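What follows is one structure encoded as structure tokens, with my remarks underneath.
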């Protein structure tokens, strides 16, 4: 059965949240937004492409940094309003040069940095 990105549930701005997870380790790397167009580009090229809300344009992950994400598998949640991207991540996923954007943990009421830059 052919997949049509238009069958997903996008928000009022035409966006859908996309969580990137390392396909081999299961580590959650980042969350970003996609549009039907960025998802179609990702499926066409195999390189994960998001929608940059700040720049209002397509954003091919790693286009300037070289820290590209290659799509291994796309998963759609039960409500069809969130995506899970299983990826092969080259280098850090976070713009802070950390492997994951989720580098702060709340421990005993204190925000604790648990991951140093690479």
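Every read-out reported here was derived from the displayed coordinates using simple, explicitly stated rules and does not represent laboratory data. None of the values given here were measured: they were computed from a predicted structure. So basically every Cβ, Gly included, is an ideal-geometry build from the backbone, and we count neighbours across all protein chains shown.
Evaluated at 10 °C with a viscosity of 1.306 mPa s, what Stokes-Einstein diffusion coefficient in µm²/s does the chain have when Rh comes from the Kirkwood expression over alpha-carbon pairs?
Numbers: Rh = 14.9 Å.
D, rounded to a whole number, is 107 µm²/s.
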Q) Relative contact order, percent, of the chain when contacts are C-alpha pairs under 8 Å separated by at least 6 residues? A) 22
**Q.** Computed lengthening from residue 60 to residue 80, 0.36 nm per intervening residue step minus Cα-Cα distance
**A.** 4.9 nm
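Subtracting the Cα-Cα distance from 0.36 nm times the residue separation, let me have the gained length for residue 40 to residue 72 in nm, one decimal. Spell out each step's value before the answer.
Numbers: separation 32, 0.36 × 32 = 11.52 nm, distance 1.47 nm.
Extra length from residue 40 to residue 72 when fully extended: 10.0 nm.
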Q: Report the residue, chosen from 24, 36, 60, that carries the largest GNM mean-square fluctuation when the chain is represented by alpha-carbon nodes joined by springs under 10 Å.
A: 24
Q. With axes computed from alpha carbons, what is the tilt in degrees of helix 36-45 against the longest principal axis of the chain, rounded to the nearest 10 within 0 to 90?
A. 80
Q | Relative intensity, log₁₀ I(q)/I(0), of the range 20-86 from a Debye sum that treats every alpha carbon as a point, q = 0.13, 0.22 Å⁻¹ | A | -0.33, -0.98
Q) Over the Cα atoms of the range 73-118, what is the Rg over Rh ratio if Rh follows Kirkwood? A) 1.11
Q | Rounded to 5, percent antiparallel among DSSP beta bridges of the chain | A | 80
**Q.** Distance in nm between pseudo-label sites at residue 24 and residue 107 (7 Å out along the Cβ direction from Cα)
**A.** 2.6
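Rounded to the nearest 500, what is the 222 nm mean residue ellipticity of the chain from helices alone, with -39500 (n - 2.57) per DSSP H run of 4+ residues and division by all residues? Kindly include the intermediate steps, with their values, before the conclusion.
Details: 1 runs with 10 residues, N = 118.
The helix contribution divided over the chain gives -2500 deg cm²/dmol.
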